[in-house]
Structures are given as C-alpha cells and as structure tokens.
Amino acid sequence: DFATPRAILTGHDYEITCATVCAELGLVISGSKEGPCLIHSMNGDLLRTLEGPENCRRPKLIQASREGHCVIYYENGLFCVFSVNGKLQATMETGDNIK
C-alpha cells in the first residue's frame, strides 16, 4: 500500500516556514517565507488569510488553540494573536529574535 495525501493545500507563493494542525477545529494553518499565513480546512479548502501588521513578514512559529485563537511568532520578535475568523486581536514585541 502507498500513502496518499488527504488534501493538497495551495495558496502560498513562497516556501512554507511553519505550520500547525488544530484537529479539534479541523484547521491547518501555515506560514510562508515572504507571504501571509493561510488557514485551510482539513479537506484543503482555503478559508482565510491572516495578515499581520506591515512589519510582520516572516512567520517562524504558529500555534492554534481549540478555543479559536492563533498565535504567530515572526522573525523580527513580534507576536500576533488572531481569531480563526482572521481578525488581528493583539500584537506584542519582544527584544528577542529566534533564529
């Protein structure tokens, strides 16, 4: 038997740098090198685009909660919290830069 994909997630123009799966909500959230973060259903449907502030260009880490929040850490030391509906809820800048 050969493994076959359940879904193919499309929409990024650049390489994927981070991703998370929230099985409770049936979502996959991914971020690309120079683009926005995208929310897909487990079936591969593109649902939302998460656009951070202008200086949020390179997502490094993503974590989603079963309550419907998504935290994204960007290369420049900025955290952004989004709802799964795509609304930016909060930002926080740190002095740290994870490489």
Dipole in debye (nearest 20) - the chain, about Cα centre, beta carbon charges: Lys, Arg +1; Asp, Glu -1: 60
Accessible surface of the chain [probe 1.4 Å, protein heavy atoms]: carbon and sulfur percent: 49
Isotropically averaged projected area of the stretch 16-93, using the convex hull of Cα atoms (one quarter of hull area), nm²: 4.4
Solvent exposure of the chain as accessible area per residue, Å², 1.4 Å probe: 65
Protection proxy ranking of 67-76, 3-12, 45-54, 18-27 - average other beta-carbon atoms within 10 Å, highest first: 67-76, 18-27, 45-54, 3-12
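The values are calculated or read from the model by the stated rules, or taken from the named source; none is laboratory data. For clarity, every value in this text was computed on a predicted model and none was experimentally measured. When we count neighbours, we look across all protein chains shown, and the Cβ atoms used for this are built from the backbone with ideal geometry, even at glycine. Heavy atoms of the whole protein, side chains included, go into the accessibility calculation; ligands, DNA and RNA do not. Shrake-Rupley method; radii C 1.70, N 1.55, O 1.52, S 1.80 Å.
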